[in-house]
Structures are given as structure tokens and as C-alpha cells.
Amino acid sequence: MSRRIAPIDWAESAEELEELYRREKHLERRKRLQAMWLVRRGKEAQEAAKKVGIGRKTLSRWLGWYRAGGSKSAEPGWMKANSWN
């Protein structure tokens with residue numbers, strides 16, 4: 001059973017996210033952008049996570065970061081640098 005993804009106010013189109021994903025050379029950022037792109041295209045959370053090779057909870061965390069910082073949140077260390085704790 002797949003959980004629904006909470007609505008996201010996307011700043012980029014699916015095409016823009018795909019372009020960012022395909023151009024990215026850094027592996028971790030590339031995975032995050034790919035996951036965002038798949039979700040933006042309408043994939044279920046479980047399906048997108050599996051395709052990228054991560055868990056659904058990890059995907060949920062990444063999408064939460066996106067909600068807070070847009071595609072820049074795919075940068076490794078973004079959450080730590082932008083933490084309000």
C-alpha cells in the first residue's frame with residue numbers, strides 16, 4: 001500500500017527538474033533531483049523511492065527539504081546549513 005504524497009508547491013516544471021537531474025554530476029544530488037523529478041511527474045512515493053534506490057521515509061524527508069528550500073535543498077548538507085535548531 002502506497003501513501004499519498006502531501007501537496008508540493010513546485011517551483012520547477014517536470015522538464016526543468018529532469019534537466020537539472022540529467023546534468024548533475026554529483027551522485028547524491030543527482031539521486032535527490034531524480035526523486036523529485038519522478039514525484040513531479042506523478043509517480044507514487046514507493047515507486048519513486050524504489051527507482052532511485054532509497055526508502056520511502058528518505059524520500060519523504062527529501063521532499064520536506066524541497067518544500068523548505070526548493071531544488072537547492074538537493075545540495076548535500078543543505079539541511080544542516082539551513083537548520084533552525
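Coordinate-derived values only; no laboratory data. Bear in mind the structure is a predicted one, so any value in this text is a computation, not a measurement. Cβ coordinates were reconstructed from backbone atoms using ideal geometry, including for glycine residues, and neighbour counts include every protein chain displayed.
Here are the numbers:
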| read-out | value |
| --- | --- |
| Protection-proxy order for peptides 39-50, 19-30, each taking the mean of Cβ atoms within 10 Å per residue, highest first | 39-50, 19-30 |
| Estimated D of the stretch 14-75 in µm² per second, where Rh is the Kirkwood radius over Cα pairs and Stokes-Einstein applies at 37 °C, 0.692 mPa s | 294 |
| Residue 47 paired with residue 16, simple spin-label distance in nm, labels 7 Å along Cα-to-beta-carbon | 2.4 |
